[in-house]
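Here's the structure we're looking at; comments come further down.
The values are calculated or read from the model by the stated rules, or taken from the named source; none is laboratory data. It should be emphasised that the depicted structure is a prediction, and the values quoted were computed from it without experimental measurement. Note that we place each Cβ from the backbone using ideal geometry, even for glycine, and neighbour counts take in every protein chain shown.
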Amino acid sequence: MVPLSISALSGNTMPSKTTQVYPQVQRHNLYTLTDSSECGSETEEVDPSKHLTPLEKLTVEMCKNENVLKELAVGRRVGFYKVRGQIGCGNFSKVKLAFHALTKDKVALKILEKRRLDLQTQKMLSREIANMESLYHPNLLPLYEVVETPSRLYLVLEFAGDGDLHTRISTAGKLSDQESKIVFAQILSAVKYMHENNIIHRDLKAENVLYTSKTCVKVADLGFSTRVNNRNQALDTFCGSPPYAAPELFKDDSYIGPPVDVWAMGVMLFFMVTGTLPFRADTVAKLRRAVLEGAYVLPPWVSAPCQQVIRGILKPDPSERCALDQMVGCEWLLPVEVFRPIPPLYQLNPIHLLEAGPGKLDRDQEEVKAILEKLGITQEHIYNNQGKSIRSPITGVYRILLHRVRKSRGAESAPTISGVVKDPKRDSLRAYRNLRHTSKLCVLS
C-alpha cells in the first residue's frame with residue numbers, strides 16, 4: 001500500500017491533563033513537515049516573540065495544543081484536515097466533509113478501513129489512486145492528496161457540493177434538452193480524455209456524475225477503472241452497476257473496454273432526457289434478459305437528434321456502437337462548445353513553481369505561488385516534497401490552491417450553446433457521424 005503520511009497515528013498512549021488517556025499522534029517537525037517524534041525537542045522550540053506564519057502556527061498546534069491532539073487521536077482531524085459530518089458511503093468506504101486547516105477550502109475525504117480491504121480490494125484501490133494521479137481534466141473529480149494512518153486510508157478529493165445526477169433527476173425530474181446537452185457534453189469530454197489515456201472507467205452511472213455548481217459536472221469514482229495497453233485489449237472482469245451494464249458484460253465472456261463505457265453513457269443520456277432507465281427489472285436475471293434483447297422505448301418528446309444519438313449508442317453489437325468521435329460531431333451536440341484546453345500533468349507537481357524559467361509561469365501559477373509564500377510554505381518545503389508526490393501535505397495544499405484559482409477564473413465553467421459551430425474539424429466529424437462501423441478498431445479510435 002501507500003507509505004505513511006505525516007498525519008499517521010501511532011499505537012502509543014499519551015496522558016492528558018486529566019486522568020483520561022488518548023492514543024498518541026505522531027508529532028510534526030516544524031520546518032521539514034516530516035514525521036517526527038521529537039516535535040517538542042529543544043531544537044524545535046519557537047521564540048514566542050517571533051511572528052509565526054500560518055504554517056508554523058498550525059504545526060505548533062499539532063505538536064502542543066491538547067485539543068488539536070485529541071482531535072487527531074479520535075479522527076476529528078487527519079493531517080491538515082478538520083473532519084466533519086458524513087456525506088456519502090460505498091461498499092468499502094465512507095465519505096466525509098472536511099476543511100483544510102491552512103487554506104480553509106472544503107474537501108471530501110474518502111475513508112477506507114484497512115482491516116476491511118482484502119487483497120483484491122487493495123489492488124483496486126492502488127489502481128484507482130494511480131489512475132487518478134495520471135489524469136488532469138476539468139470534468140474529472142481531482143485527487144488532491146492521499147493520507148495514510150495505521151488503520152485507515154484517506155483520499156482527499158474535491159468537494160462537489162451540489163449533489164449527483166441521479167439524485168437531481170430522481171427528485172426534480174428529467175432534464176430539458178438543453179440541460180442534457182450541457183451535462184452530456186461534459187461527461188463525453190471526460191470519458192474521451194480517459195480513453196485517449198488508455199483508462200477505462202467501467203462504472204459510469206448517474207450516481208457517479210457529481211455537480212460542482214448548477215451546470216458543471218465531474219465524473220467521479222474510478223474504483224473500477226483500469227489501464228489497458230491498447231484500447232483493443234480484452235478484459236474479463238464484470239464491473240459496474242447492472243442497469244448500466246452493456247450486453248457483452250452479461251455474456252460471461254471477455255469484452256473490450258471503451259464500448260462498455262459508451263453503452264453506459266447511452267443509458268445515462270436516456271435517463272437524463274426521460275427521467276427513467278431504458279432497461280428495468282425486478283431481478284438481475286430479468287434485467288439481463290432485457291438488456292440482451294435490447295428492447296426499449298423512447299418517448300416522443302425526446303428530440304429527433306437526441307434520439308439518433310441514443311439509438312446509435314444502445315446497439316447490442318459493440319462493433320456497431322457509436323464511437324466517441326461520432327458523438328462529438330453529431331447534430332445534437334454540434335452547437336455545444338465541448339472541449340477546453342487541458343493543462344499538462346506536470347503542473348500538478350509544486351516543484352514546477354521553482355523549476356519553471358523566468359516568465360514561464362502563467363497568471364494562475366504566479367497567484368498560487370504568492371499564496372503559498374503567505375502561508376509560510378518555502379522553497380525548502382517544496383524541495384523536501386520531491387519524491388512524495390500525492391502523499392504529501394505540500395502537494396495537497398498546492399493542488400487545492402491551484403484548483404481554487406483556476407476555478408475562480410472560469411476554467412471549469414459549463415459549455416455554452418451558441419448555435420451551429422462553423423468549425424471545419426467538427427463539420428467533418430458531423431459528416432463522419434453517419435458512417436456505420438463494422439470494425440472494433442474504428443469504434444475505439
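Listing for the model above:
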| read-out | value |
| --- | --- |
| Single residue of Leu324, Leu314 found to be in the same structural domain as Lys218 (by TED's automatic domain parsing) and under 24 Å from the mean Cα position of the chain (by Cα) | Leu324 |
| Condition broken by Glu293, with the remaining ones in (1) touching a Ser or Thr at 6+ places or on another chain (Cβ under 6 Å); (2) closer than 26 Å to Pro259 by Cβ; (3) acidic (Asp, Glu) satisfied | (1) |
| Criterion (farther than 29 Å from Glu196 by Cα, outside the structural domain of Ile400 (by TED's automatic domain parsing) and part of a strand (DSSP E or B)) met by exactly one of Lys104, Lys94 | Lys94 |
| Pairs with Cβ under 6 Å, 6+ apart, first in the range 121-136 and modelled with pLDDT of 95 or more, second charged (D, E, K, R) and not in a helix (DSSP H, G or I) | none |
| Failed criterion for Leu72 (all others in (1) buried (at least 19 other Cβ atoms within 10 Å of the Cβ); (2) over 15 Å from Leu157 (Cα atoms); (3) free of Cβ contacts under 8 Å to residues at least 60 places away in the same chain hold) | (3) |
| Cβ-Cβ under 9 Å pairs, at least 6 apart or on other chains, the range 322-344 side aromatic (Phe, Trp, Tyr), far side crowded, with 16+ Cβ neighbours inside 10 Å and part of a loop (DSSP other than H, G, I, E, B) | Phe339/Pro415 |
| Residues (under 24 Å from Ala185 (Cβ atoms) and either surrounded by fewer than 17 Cβ atoms within 10 Å (Cβ to Cβ) or not aliphatic (A, V, I, L, M) (or both)) located in the range 235-248 | Gly240, Ser241, Pro243, Tyr244 |
| Checking Val191 against (1) within 30 Å of Gly85 (Cβ to Cβ); (2) assigned to a helix (DSSP H, G or I), the condition it does not meet | (1) |
| Residue in the range 215-234 that is in contact with a Pro (Cβ under 8 Å, 6 or more places away or on another chain) and surrounded by fewer than 22 Cβ atoms within 10 Å (Cβ to Cβ) present | yes |
| Any chance Lys181 is basic (Lys, Arg) and surrounded by 21 or more Cβ atoms within 10 Å (Cβ to Cβ) | yes |
